[in-house]
1. For the range A:124-250, what does the accessible surface come to per residue with a 1.4 Å probe? Please give it in Å².
2. Between residue B:528 and residue A:87, how many nm apart are label points set 7 Å from Cα along the C-beta direction?
3. Only bridges with both residues in the protein assembly as shown count here: give the DSSP antiparallel percent, nearest 5.
4. If R₀ is 45 angstrom, what is the calculated FRET efficiency for the pair residue B:563 and residue B:309, using the beta carbon separation as r and rounding to 0.05?
5. What's the buried accessible area, both sides, between B and A using a 1.4 Å probe, rounded to 100 Å²?
6. Given a 1.4 Å probe and the protein chains all in place, what does the accessible area of residue B:279 round to, in Å² to the nearest 10?
7. Find the lysine pairs in the range B:433-539 meeting two conditions, Cα atoms under 25 Å apart and a separation of 8 or more places or different chains, and report how many there are.
8. Taking a 18 Å limit on the Cα-Cα distance, which of the listed pairs A:19/A:95; B:280/B:579; A:192/A:243; A:128/A:192; A:95/B:327 fall beyond it?
Amino acid sequence: MEWTVVVGRYSPPGEPQPKGERGAPFAAPYEKAPPKTYQTFKVDLPEHAMVLDALIAVREYQDESLAVRCACRSAICGSCAMWVNGHARLVCTSKLREHTVDGKVTVEAPPSMPIVRDLVCDMTPFWKKNYSVTPWLENKQPIPQGEEYRVPNAAMEELIQEVSCISCGACLMDCESFAVNADFMGPAALAKAYRYTADPRDAQTTDRLDTYSKPSGVWDCTHCYECVQQCPKGVAPLEQILKLRKMAVDAGFTHNAGTRHADAFAESVRDSGRLNELTLMPKSLGLFNIPAQLQSLPAAFNLLRAGKLPPLIHHAIPHVERIKNIFKKIGGRFK
Amino acid sequence: MSEGNAKSTDSDDRNGKSVIVDYDVIVLGAGLAGMRAALEAARNGASVAVLSKVHPVRSHSGAAQGGINAAIGEGDSWEIHALDTIKGSDYLADQDAVEIMCSEAPSDIIELEHMGVIFYRAPDGKLGTRAFGGASKARTYFVGDITGQALLYTLYDQLLKSGVKVYEEWFATSLFMVGGECRGVVALDMMNGDLVMLRAKAVFVASGGMGRVYEPSTNALICTGDGIALAYRAGAPVMDMEMVQYHPTTLKGSGFLMTEAARGEGAYLLNSLGERFMEKYAPNMKELASRDVVSRAEWQEIAAGRGIDGCVLLDLRHLGPDVILKKLPQIHEMALDFLSIDMIEQPVPVRPGMHYIMGGVKTDSDARSPVPGLYAAGECACVSVHGGNRLGANSLLDTLVFGRRGGRSAASYVKSVTSLPSDAAGEQFLAAEQKRVQGFMDRPTTGETHAKLRLELGTLMDEKVGVYRDESGLQQALAGVRDLQKRYDTVAVRDKGRIYNQALTFALELGYMLDCAETTIMSALERKESRGAQSRTDYAQRDDANWLKHILVTKRDGQAPAISYVPVTITKWPPQERKY
Ligand SMILES: Cc1cc2nc3c(=O)[nH]c(=O)nc-3n(C[C@H](O)[C@H](O)[C@H](O)COP(=O)(O)OP(=O)(O)OC[C@H]3O[C@@H](n4cnc5c(N)ncnc54)[C@H](O)[C@@H]3O)c2cc1C
Ligand code: SF4
Ligand code: SF4
Ligand code: FES
């Protein structure tokens, strides 16, 4: 049957330029991405065909200059992540049938990554993040002589979720934190960080937790869930990040904005039964970190103007002692 | 934490100046064989760089599902592993090389474990195994059904740690030959279209298989035999090229692999009557007989009208959801994705499909080819440890053992090479190569395209050079390939861009594929017997008196390819009839 594919095309200046209609600039936070041209192709493929099948058909029989990375065609090599109708997907396992909306499917390189040509983006940011988490085993000593480390299978199974990662980058492409902070270590790299930190054969657990707790690390994730939703391999990076956070707090790495934010959150609820957004900010940034607090002032003024600033006087809810009791029962650092 | 070496994430070592960069060893390919070789050469003091047409973790090694063999467990021994391998090979494997591979396997697996591979564990915390085809003991070590991926990433992580330079998305176009010695690689930097020479004292080819010469195939689109053809063009003999493995369980339609581990875990093969037909063909091993045997049995069932739509059924239902979801999640997902079949509830239609090549660049057990300065290991090489038929889970082992041995051997060889060819020689070679590559772009456009020729080639090979072969079919195939070679010379690249020009690399790949196809057919025509993967209907028996020998094809400058032979090395295990 006939399918319609709209392909976002791009060639750098100085190269032969693709045909098609010039697209509008991207909306924030991707306004810096270069605009593309969009070209419509019709392809004849079976009902169950994948989006990648359509792209290959275009490349083989209509326009051989269409650049698209792919190798395995079965969600193994991680080459083919790109935007399908505005979300990061592996095109090799995305069915045309499921992604055709209003008679067409739109594919393009994600505007969150630097672009090389057509559907090929530059994955350097992804690989650099991967590299930044020390992604290799630092062996626990002594290394057993002539035999394997003895570890329970459960400890290995715990890591298989991350080891299933195919480095396709779909998570990073749609990560909301990365969109506003290019330095954020990002979902896949932090999942990898968890994989080595939680490996019972690794000797660097504490050092690793220290590194990952720094700015742009685990606490910079905003829980937007994009990575969980887009990951084609069930890696669920956010879950690995949350596990890392717990390990970091348990190991005493609490002197950072992230844990202070969580603490301020908990203290506010314990003491008043509700969230005191006014004290949350200074407490998260550090009470004496005046420069950082000043930086957040303009945002506060804007909120005030828009009438969205929280009430200046923070009232406790009735029966707040019950909440305090709950905290006591849970135990831990907030009783 | 150790720092590793940040250099490996940079994109270029040239500082934007020279078109020639020097190393001791250049490794062409970043799959398991290439990365293992690079690590070992670096550990032994050589300056090393790796180039790969895709990012290392995209290499096809990542697709290996089932596992990797080693005789570690109690009641097993490397001798039993060796005998299984030799029997599986239909006695065409060189037994000295098999002895090396099997006896060194245990320490290589342990080393991988120390590097961080999360192998499946037995209840006592030691490495645990699963059963695999053609093996008399359960000796396959694994990580779910993503063993290749787990190994590939661990080696890549180690490569990052080592600081070895990786040229990602660099496509090799030729080997730099000077006076019969190999002294570098010319490669296309896909990101900017530059042709660059990586000059070196030794070149280590680890470019993987040539699955795409067949259509369909379980192999990725990048498996086009590049390194085999490059070495062959440089004068290195290729060996056992007729031995092409068809895997018994590839998915209907797409041809994707359903790992042998499914049968290792206990899955059945059924015909249209619901019979476990392997009981007839291999009463002892049944579904776990060697791959050539099972593929032929399926073919016969289908030919006798007991197939379903050209397929037989792979039935996992009795294994239960737990085994399927925990130990075979990837194939469960693939059957769902591509056929909308949930194997927990329904059997999956499968058929034999092209999967692996036993042949390749002839090497010794230290990965040396007969061409000075040229090494090879992995699927592109032929040691020969697989002979007429490779056992499942022996290929990953092959890449690691001979990658490691070759890396060490190359590092020691480069110490004996005192000088590199001159800059002038390099520039002259590069200029000629530039002209040849530009030729594809400058040619007038005809009706011929790389895509069309590729499809014709693949279909021809699958039809005439597949599970069963005969003289007339092979002759037709050879004539067909020679015709395609002529038409290939008129294929023009219509994409004139410099950046990420895949039309150009596809056209270059097609040239490699045609060389691989030609040598495969020539060897299949030459071997007038049936052995391992070579089943000739016109010579149905194995003939040890005349054909217990390897077939080599060599091409010397400007001459037609020539056939020669070398005897099979037999150490302890005299040839016997194969029964499963
Ligand atoms: C689906 C599938 C499942 C398998 N399962 C198993 C299994 O369970 N157990 C087992 O033992 N074996 C298995 N095999 C076989 C095994 O995976 C391969 O034989 C093995 O991984 C090959 O490794 P390699 O390092 O030789 O090559 P590859 O991993 O294929 O790497 C080749 C490298 O060469 C590079 N390259 C190629 N051409 C060029 C060029 N022109 N320029 C630059 N770089 C180039 C590529 O980019 C790549 O990095 C399986 C194979 C398939 C297809
Ligand atoms: S949940 Fe966190 S890591 Fe995941 S995409 Fe959102 S911000 Fe990024
Ligand atoms: S975590 Fe998932 S989405 Fe992210 S790179 Fe890995 S496989 Fe892709
Ligand atoms: S082509 Fe390999 S993941 Fe899509």
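The values are calculated or read from the model by the stated rules, or taken from the named source; none is laboratory data. Only a predicted model underlies this, so the values are computations on that prediction, with no experimental measurement involved. When we count neighbours, we look across all protein chains shown, and the Cβ atoms used for this are built from the backbone with ideal geometry, even at glycine. All accessible areas refer to the heavy atoms of the entire protein, side chains included, with ligands and DNA or RNA removed. Shrake-Rupley method; radii C 1.70, N 1.55, O 1.52, S 1.80 Å.
1. Averaged over the residues of the range A:124-250, the accessible area is 38 Å².
2. For the pair residue B:528/residue A:87, the computed spacing is 6.3 nm.
3. Around 70 percent antiparallel, to the nearest 5.
4. That pair, residue B:563 with residue B:309, gives E of 0.65.
5. On the way: alone 21280 and 18620 Å², together 34180 Å².
When B and A are taken together, about 5700 Å² of accessible area is lost.
6. Taking all protein chains as shown, residue B:279 has close to 90 Å².
7. 9
8. A:19/A:95; A:95/B:327
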